[in-house]
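Written below as structure tokens is the structure these notes are about.
The values are calculated or read from the model by the stated rules, or taken from the named source; none is laboratory data. Quantities reported herein were computed from a predicted structural model and do not represent experimental measurements. Glycine gets a Cβ as well: all are built from the backbone with ideal geometry, and neighbour counts include every protein chain shown. All accessible areas refer to the heavy atoms of the entire protein, side chains included, with ligands and DNA or RNA removed. Shrake-Rupley method; radii C 1.70, N 1.55, O 1.52, S 1.80 Å.
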Amino acid sequence: MTVSHPVKYSRFWDREARSLHQGGYQVTLIGLGNEFKIEFIDGIKTIAVPERKRWHKFALVREIAQLALQEHADAYQCLDPWCLAISLWLKRFSQRIHIVYESSEWFPQTYLDRRDLPLLLRWLSWSLVSYLEYTASRRVEAIIETNYARARRFTRRGRIPIQVPNYPPVELIGAPQQDRNPWFVYTGLICRPRGFHQLLKALALVVKRGFYQVKLIVRGEFDGRDDIERWSKGFINRNGLTENVVFVSQLPSYAEVFNVIKPCLAGLILFQPERGNDWTNQPNKLFEFMGCGLSVIASNFPEIARIVNETKCGWLVDPTQPEAIAEAMVEVLENPVESIQRGFAGRKAVETKYNWRVAEQSLLNMYRDIFRGTED
């Protein structure tokens, strides 16, 4: 369950829930949606609850807590600290339930990173979430993390998290394309902390270098917490980039995202160093680009650099420097064969190592251990 993500968020719906269902478990997902809705899809029950923000979020947490209680589940997998608090509350009614805390983000740091919140509220939120995670390290059956950097905050407390990385399901990706267009792709939230403003500045430099046919394919939504949408559209118009930037609307399924990615030469991941959560991130999109056979141009951050250096699948750049980003983009355009070769090196690594079939074994083994302990 989650109070922070859509009920069909790709990690939860397309990977974890399906793997657990195929492993013989009865699975219910509770998360966010446009309206209250209960569905049974492919044997999985989903309960969507309308999102509420700010102080109304407490009402949302209460509603999801009641829905979770009504499920009478044997195990509750908490996908954020709010749901961890719900599960600890549920434990008061029945000591037999098992709690799994999925820390797919560095949650305490995400609140310190929230520049849209008053400083006092950020520190109070950080303190509360840190306390909840400290409690989790002592009281839950298992903790799930996505990479080693983020796992360290639990190992320091004497718990070793289960590693379930953000690897993609290869069967959903399909085969990569041989023929490519002089295109780059950006996916995910469109915001400054993820470097979209630096990317547009770099794109303008690339066009000035004479690459007039280059296109940037953007699949995502603008962050409403600042003026990035107004600024981006103004920058595009002022610099004559209207033919070079293509915004793709939201797609109905996770699998269709790959159809947007595949015709491109390279994917861009330009997290900025201002947020600690991003500094430790190893994002879905890295492995999705690799799985589609794209080379990557990515921020030179520890968890991202480890994969790029190991697989030789792309270029690492200083994400705060549009000139450095532009140089890497020009290298891709001038040497498309090399870019495709690096992309196929990434694809091979996904086929053999960085795919969901590998990651799901950790998830399934964890639940087998939990319920084996119950049987014993």
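Beyond 27 Å between alpha-carbons counts as too far, so tell me which of Lys57/Lys233; Lys233/Lys348; Lys91/Lys353; Lys8/Lys353; Lys45/Lys91 fall in that bin. Provide the component values of the computation, followed by the final result.
On the way: Lys57/Lys233 32 Å; Lys233/Lys348 37 Å; Lys91/Lys353 37 Å; Lys8/Lys353 25 Å; Lys45/Lys91 22 Å.
The answer is Lys57/Lys233; Lys233/Lys348; Lys91/Lys353.
Please list, or write none, the aspartates and glutamates whose alpha carbon is within less than 12 Å of the alpha carbon of Lys262, excluding same-chain residues fewer than 8 places away. Leaving aside aspartates and glutamates fewer than 8 places away in the same chain, those within reach of Lys262 are Asp179, Glu288. Applying 0.36 nm per residue to the separation of Glu310 and Arg157 and subtracting their alpha-carbon distance, the gain on full extension is 52.1 nm.
For the range 123-225, relative contact order (Cα pairs under 8 Å, six or more residues apart, normalised by length) works out to 22 percent.
In this simple spin-label model, placing a label point 7 Å from the Cα along the Cα-to-Cβ direction at both Asn181 and Glu331 gives a separation of 2.5 nm.
Relative contact order for the range 1-118: 22 percent, from Cα pairs under 8 Å spaced at least 6 residues apart, divided by residue count. At most 15 other Cβ atoms within 10 Å and a DSSP loop assignment: could you name the trypsin sites (Lys or Arg not before Pro) in the range 320-376 that fit? Answer by residue number: Lys353. Of all the options Phe258, Phe36, Phe222, the one that moves most in a Gaussian network model of the chain with Cα springs shorter than 10 angstrom is Phe36.
Ignoring ligands, DNA and RNA, what percent of the accessible area of the chain is carbon or sulfur (1.4 Å)? Provide the component values of the computation, followed by the final result.
Values: 8930 of 17130 Å².
That share works out to 52 percent.
Computed from label points 7 Å out along Cα-Cβ, the spacing between Leu251 and Val358 is 2.3 nm.
So what's the net charge close to Arg18: Lys and Arg +1, Asp and Glu -1, counting the other residues with Cβ under 15 Å from its Cβ? All intermediate terms of the calculation are to be shown ahead of the outcome.
Values: positive: Lys8, Arg11, Arg15, Lys45, Arg357; negative: Asp14, Glu16, Glu39, Asp42, Glu171, Glu360.
Once all neighbours under 15 Å are counted, the net charge is -1.
For the chain, DSSP calls about 10 percent of its internal beta bridges antiparallel. Segment Ser94..Phe40, full-extension length gain: 16.8 nm, with 0.36 nm per residue of separation and the alpha-carbon distance subtracted.
Once the 1.4 Å probe is applied to the protein heavy atoms, the range 252-321 comes out at 27 Å² accessible per residue.
Once the Cβ-Cβ distance of Glu351 and Leu120 is raised to the sixth power relative to R0 = 56 Å, the FRET efficiency obtained is 0.70.
Across the chain, the relative contact order, built from alpha-carbon pairs under 8 Å that are at least six residues apart, equals 15 percent. Would you mind telling me which residue in Leu286, Leu216, Leu120 has the biggest mean-square fluctuation in a Gaussian network model of the chain, where springs connect alpha carbons within a distance under 10 angstrom? Ranking Leu286, Leu216, Leu120 by mean-square fluctuation puts Leu120 first. With the helix formula -39500 (n - 2.57) applied to DSSP H stretches of n ≥ 4, the chain reaches a computed 222 nm mean residue ellipticity of -14000 deg cm²/dmol. The Asn259 and Glu221 beta-carbon pair, evaluated with R₀ = 25 Å, returns a calculated FRET efficiency of approximately 0.85. For helix 356-375, report the angle its Cα long axis makes with the longest principal axis of the Cα atoms of the chain; keep it between 0 and 90° and round to the nearest 10°. Tilt relative to the chain: about 10 degrees. Comparing mean-square fluctuations of Val350, Val246, Val214 from a GNM of the chain with C-alpha springs under 10 Å, the top value falls on Val246. Using the 1.4 Å probe convention, the accessible area of the range 1-145 works out to 50 Å² per residue with neighbouring protein chains retained. List the cysteines in the chain whose Cβ has no other cysteine Cβ under 4.7 Å from it. Among the cysteines of the chain, those whose Cβ sits 4.7 Å or more from every other are Cys191, Cys264, Cys292, Cys313.
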